[in-house]
Amino acid sequence: MANTYEPGRVGLLLVDLVNENFSKDGKAYSIYAPEYERLDTVNSLKKLITGVRRQEDVPVFYSRTSFTEEDYTAWRHVSGIHRQMFDSRMFTAGTWNTEFHEELAPQPGDVVLAPHKGLDVLQHTDLEFQLRQRGVEYLAIAGVSGIMAVESTARTAMERGYHVTAFTDAIAAPGGLVTYQAMMRGLNMVSHSVVGVDDFLASLGKSAA
């Protein structure tokens, strides 16, 4: 069954489409690469971004992780995922690694959010302020990592009363099929819709019509 979205109330959030994750020289690329290939993640993201930009009144929001040297050395309580990132000096602020991947980068009119250090984009950026300024009620979330930042943000968005859409293909997480299946179960629990890019764009088109 196709979803129905209220025209003028839909937004797309893209999580961590940066060189660290999506360029072959990025430090995290190798852990995602098998899933990128299996799911055709990059092409799905391109199709999603292009399709959304063809719609009227669907803002696109970009978020990215970024750490300073002080973050790497001064935090008192460092979680497991942050330890992995800190030990490898991943997502270093002001470097090529935290620039958006050229094939997936923002264009004029897109909203680039303040960088985040925690997993939850809603909790750690100006996203909610930006959503409210644009009247967004239906939030679609794509990007990486699906089991970390995407799911964390989807859960918070659901709890704050947003209608949440997640994706089966414009997403990835390390760990192969077993992790993917667990990720889909988790996203189905905290989202109102989990669909492929084609179905999402078709629903947008029907809603607009």
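The values are calculated or read from the model by the stated rules, or taken from the named source; none is laboratory data. Just so you know, these numbers come straight off a predicted model, no measurement behind them. As a convention, Cβ positions derive from the backbone with ideal geometry for all residues, glycine included, and neighbour counts pool all protein chains shown.
Restricting the search to segment 21-46, which residues are out of contact with any strand residue (DSSP E or B) (no Cβ under 8 Å at 6 or more places or on another chain), within 29 Å of GLN133 (Cβ to Cβ) and not hydrophobic (A, V, I, L, M, F, W, C)?
Once the filter is applied, which keeps residues that are out of contact with any strand residue (DSSP E or B) (no Cβ under 8 Å at 6 or more places or on another chain), within 29 Å of GLN133 (Cβ to Cβ) and not hydrophobic (A, V, I, L, M, F, W, C), segment 21-46 yields ASN21, LYS46.
Only one of ARG160, ARG134, ARG83 is in contact (Cβ under 8 Å) with a residue 24 or more places away in the chain, more than 12 Å from the chain's Cα centre (by Cα) and surrounded by fewer than 14 Cβ atoms within 10 Å (Cβ to Cβ). Can you tell me which?
Just a single option satisfies the conditions, and that option is ARG160.
For segment 56-69, state whether one or more residues are under 23 Å from LEU122 (Cα atoms) and free of Cβ contacts under 8 Å to residues at least 40 places away in the same chain.
Yes, some residue in segment 56-69 is under 23 Å from LEU122 (Cα atoms) and free of Cβ contacts under 8 Å to residues at least 40 places away in the same chain.
Just to check your reading of the model, which residue among GLY51, GLY11 is touching a Leu at 6+ places or on another chain (Cβ under 6 Å) and part of a strand (DSSP E or B)?
Just a single option satisfies the conditions, and that option is GLY11.
State all residues of segment 23-79 that are under 24 Å from VAL111 (Cβ atoms), of a type in the set (Asp, Glu) and under 18 Å from the mean Cα position of the chain (by Cα); if no residue qualifies, say none.
The answer is none; no residue qualifies.
Are there any pairs with C-beta distances below 7 angstrom linking a residue in segment 183-209 that is surrounded by fewer than 15 Cβ atoms within 10 Å (Cβ to Cβ) to a residue that is at pLDDT 95 or above, with the two at least 6 apart or on different chains, and if so which?
From residues that are surrounded by fewer than 15 Cβ atoms within 10 Å (Cβ to Cβ), the pairs are ASN188/VAL194.
Might you check whether a residue that is touching a strand residue (DSSP E or B) at 6+ places or on another chain (Cβ under 7 Å), surrounded by fewer than 20 Cβ atoms within 10 Å (Cβ to Cβ) and more than 20 Å from THR65 (Cβ to Cβ) occurs anywhere in segment 169-177?
no
Can you find even one residue in segment 108-116 that is in a loop (DSSP other than H, G, I, E, B), over 20 Å from GLU37 (Cα atoms) and touching a strand residue (DSSP E or B) at 6+ places or on another chain (Cβ under 6 Å)?
Yes, that holds for at least one residue.
Determine whether GLU103 is at pLDDT 95 or above, assigned to a loop (DSSP other than H, G, I, E, B) and among the acidic types (Asp, Glu).
Yes, satisfied.
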